[in-house]
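For reference, the structure discussed in these notes is given below.
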Amino acid sequence: MRRERAAARVWAFRERTELEAAALFDGLARDLESSGAPLALVQLAARCGDDEREHAVRCRAVVDALDPGLEAGAPDLRSTLGPGSLSVEARALYASVAVGCVTESLSTALLLEMRAHVTHPEARAAVAAIARDEPRHSQLGWAHLAHAASRGSVAWLRPHVDAMVRAARGAESPPEPDLDLRPFGILDAKRADEICADALERVVLPGLRLHGAI
C-alpha cells in the first residue's frame, strides 16, 4: 500500500497542475484573440484548455483508484505568465513558448517513456490519453512562435528561456526515491532528468534557435 499511496500523491499533484495548465491555455486563447492572432491559434489554445480539464479528470480517476479521498489541493488558477510589463501580444507569445514549446515538449518525451512501463489500469488509461494530446499542445507553441518570428524579432525571449526550462523541469512532484513507481506511470527522478535533458538538446533548444528565440 505504500507504493499506491506514494503514486496517488503524484497523481493528485498532476491533477492540480492540469487544472493550472487549463487556466493558462484559457488565458492564452483570450490573449491571442485580443491581439489579433490567427483564428487557428485561438481555437487550438481553447481546445488545449479543454484537453487539460479532461486530463485532470483522468488524474482524479487514478487517485481514486489508489487512495480514495486524497485531495489534490487548490490549484493556482493564474491565467497569465511572464513579466507584468509585457504587452498582451508579447504575453501570449511568452506563454506559448513557456507552456507549449518547453513544458509540453518535455512532457511528451516523458509520457512516451511512462507509456512503456505503466501497467496499472487507470494509470495506463490516463497516460495514454494525455500522451495523445500533449503533442498538440506542443504544436501550438511552435506554431505561434513561427508565426511571431515571421513578423519580427523574437530575440526578447532569450533572457527568459532559462527560467522557462527550470520551471518545466521542476513541474513534477518527485516520487519517493526508494520506490519503483513505473507501473503507476511515474518515472524516477534520475531517468526523468535524463529524458528532459535529451529532449531539450534534440528538440526544444534547436527549435528555439531556429526561430531566433535563443
Pairing a residue in the range 95-109 that is touching a residue at least 60 places away in the same chain (Cβ under 8 Å) and within 12 Å of P135 (Cα to Cα) with any residue that is assigned to a helix (DSSP H, G or I) and aromatic (F, W, Y), where Cβ atoms lie under 6 Å and the two sit 6 or more apart in sequence or on different chains, gives C101/W142
Result of the Cβ filter at 8 Å on the range 146-172, keeping first residues that are at negative phi and modelled with pLDDT of 95 or more and partners that are assigned to a helix (DSSP H, G or I) and polar (S, T, N, Q), at least 6 apart or interchain, is M164/T103
Unique match (being within 23 Å of V204 (Cβ to Cβ), part of a loop (DSSP other than H, G, I, E, B), touching a helix residue (DSSP H, G or I) at 6+ places or on another chain (Cβ under 7 Å) and not aromatic (F, W, Y)) among L81, L111, L93, L70: L81
May I ask you to list the residues in the range 91-118 that are surrounded by fewer than 23 Cβ atoms within 10 Å (Cβ to Cβ) and among the hydroxyl-bearing types (S, T, Y)? Y94, T108
For residues that are among the small types (G, A, S) and without any contact (Cβ under 8 Å) to a residue 24 or more places away in the chain, scanning just the range 173-214, find the one that is surrounded by the most Cβ atoms within 10 Å (Cβ to Cβ). A197
Neighbours by Cβ (under 7 Å, 6+ apart or cross-chain): first from the range 56-83, crowded, with 18+ Cβ neighbours inside 10 Å; second in a loop (DSSP other than H, G, I, E, B): V63/L70
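The values are calculated or read from the model by the stated rules, or taken from the named source; none is laboratory data. Bear in mind that the values here come from a model prediction, so they are computed numbers and not experimental data. Ideal geometry is used to build each Cβ from the backbone, glycine not excepted, and the neighbour counts take in all protein chains shown.
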